[in-house]
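The values are calculated or read from the model by the stated rules, or taken from the named source; none is laboratory data. Quantities reported herein were computed from a predicted structural model and do not represent experimental measurements. Every residue, glycine among them, receives a Cβ derived from its backbone with ideal geometry; neighbour counts consider all protein chains shown. Surface accessibility is based on the protein's heavy atoms, side chains included, excluding ligands, DNA and RNA. Shrake-Rupley method; radii C 1.70, N 1.55, O 1.52, S 1.80 Å.
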Amino acid sequence: RSTIQRLPAAFRPLAFVLVAVVISFLFPADLRFKYQYEKQQTWRYEDLEAPFDFAIRKTDVELETERKAVIQHSAPVFVLDIAIARERKMAFSDQFQQQLEQANKSEQFRDVPRHPQKYLNYGLAFLDRIFQRGIIKLDGNQLDIAQDQIITVLRGNTYQNQTLENLLNLQAATELITDSLPYSGLSEPEFLLPLLQEQLQANLFLSRDRTQQMLDNELGKIVTSRGLVQKGEVIITKNSIITEELYQTLYSFEQEYQDQVISKRSISNIFFGYLILTLLVLTLLALYLRKFSPLVYNRLPKLIFILVWLIIFSYLVYLIENTEGLNSYLIPFCIVPIVVKTFYNERLALFTHIIVVLLTGFLFSLGFEFVFLQ
């Protein structure tokens, strides 16, 4: 006899255990939801009551619609740079003193040297008002902002919603100076005109980081649910048609069930649970072989020939189930009984086929229908 045939009898049950472990590693790390349902189908189970409170989640389409609406109506954030006003006022004061000295020498302006503080205070207050209102800088895509569009202005730590028409650009600020000085009450307002115009500078700038932060905050406020099912409430009754609304309720229940019940089970517990199931099925095969096919059971090469089919088809189902666009119904399971019958007999072929279908049924997403059809 060959060396493999002379191996101790203990290697035969060990082979079954090894096959069970190898196949158990293919099973999912989480438990499956025990109900199967599709839209417009009949609910074939008994009346389903909620075992806990859960929220009815909005569909992906609803959430995407709300998300697009938030993005479409989100206001760009412009930050007011207060340092610019301070710098421009200091520069105005320096320029004012220089121009005042020249005015004293040239005697072009007579009232300004007599009341310099009056003119200086008016100029500083005027710059204060302009920079406090804000001189906005627009470039690139910002030029497409409509005059009546709402934008958010950040002044210090305060957010204010304003329309673009209430803000100034450099051209509007220049025209404001020209139009306002004649009504200033000053005797020689033209003295301040070039000084004020020279200090105009944009102090309101778009902040992409703040805009994104505001957008993220608004997106975070989107409510993902649109109703509540309380514990003990009937979700769906037997033989009811699964409408769009009921489908979303069932889907929400499934997701909550996954979070509250299934996810709390440890991966090791799930693995050992599947391992026990696999061992039970393989024990049936071992008992059958020992009772009705002792020639196969007692000869390790023949036993391995049978067990290899279990591993091959389990891996085939696993690969196809995890490949998008493919379906496990494509696998020709009838090959197993055909090949086994060729070498042995019809009864062993049929029983091996049943064992293969039972094991792969654990891996298949529609287990009951799959096992029944096979």
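Divide by every residue of the chain the summed helix terms, -39500 (n - 2.57) for each DSSP H run of at least 4, and state the resulting mean residue ellipticity at 222 nm, rounded to the nearest 500 deg cm²/dmol.
After summing the helix terms and dividing by the residues of the chain, the value is -18000 deg cm²/dmol.
Only bridges with both residues in the chain count here: give the DSSP antiparallel percent, nearest 5.
Percentage antiparallel, nearest 5: 75.
Please work out the average accessible area per residue across segment 319-374, using the 1.4 Å probe convention, and give it in Å².
59
³J(HN,Hα) across segment 325-334 via Karplus (A = 6.51, B = -1.76, C = 1.60, θ = phi - 60°), whole Hz, x for Gly/Pro?
In residue order, the calculated couplings are x, 10, 10, 5, 5, 6, 6, x, 5, 5 Hz.
Would you please give the residues with an amide H less than 5 Å from that of Ile236, counting only those at least 5 places away or on a separate chain, with H modeled from the backbone geometry?
The list, which skips near neighbours in sequence, is Leu48.
Quick one: plug the Kirkwood hydrodynamic radius of the chain (C-alpha pairs) into Stokes-Einstein at 20 °C, 1.002 mPa s, and report D in µm²/s.
For these conditions, the coefficient is 74 µm²/s.
Could you give the C-alpha radius of gyration of segment 220-374 expressed as a fraction of 2.2 N^0.38 Å, taking N as the number of residues it contains?
Taking N as the residue count of segment 220-374, the ratio is 1.41.
Per residue, how many Å² of accessible area does segment 60-105 show with a 1.4 Å probe?
It amounts to 66 Å² per residue over segment 60-105.
Carbon and sulfur: what percent of segment 71-158's accessible surface (1.4 Å probe)?
47
With every protein chain present, what accessible area does Asp216 have (1.4 Å probe, heavy atoms only), rounded to the nearest 10 Å²?
Spelled out: Asp216, probe radius 1.4 Å, area about 80 Å².
Give the span of segment 44-158's Cα atoms along each principal axis, as three whole-Å numbers ordered largest to smallest.
Its Cα atoms span 103, 31, 19 Å along the three principal axes.
Check every DSSP H run in the chain and write down those whose alpha carbon atoms cover 30 angstrom or more along the long axis and whose mean Kyte-Doolittle hydropathy is 1.0 or greater.
Span-like helices here: 267-292, 300-321.
With a cut-off of at most 16 other beta carbons within 10 Å, and DSSP calling the residue loop, which trypsin sites (Lys or Arg not before Pro) in segment 21-83 qualify? Please list them.
Arg32, Lys34, Lys39, Arg44
Of the peptides 296-308, 331-343, how do they stack up when ordered by the mean number of other Cβ atoms within 10 Å, highest first?
The most tightly packed comes first, giving 296-308, 331-343.
Within the P(r) computed for segment 165-238, what percentage of the Cα pairs occupies the region above 21 Å?
Considering segment 165-238, 62 percent of its Cα-Cα pairs are separated by more than 21 Å.
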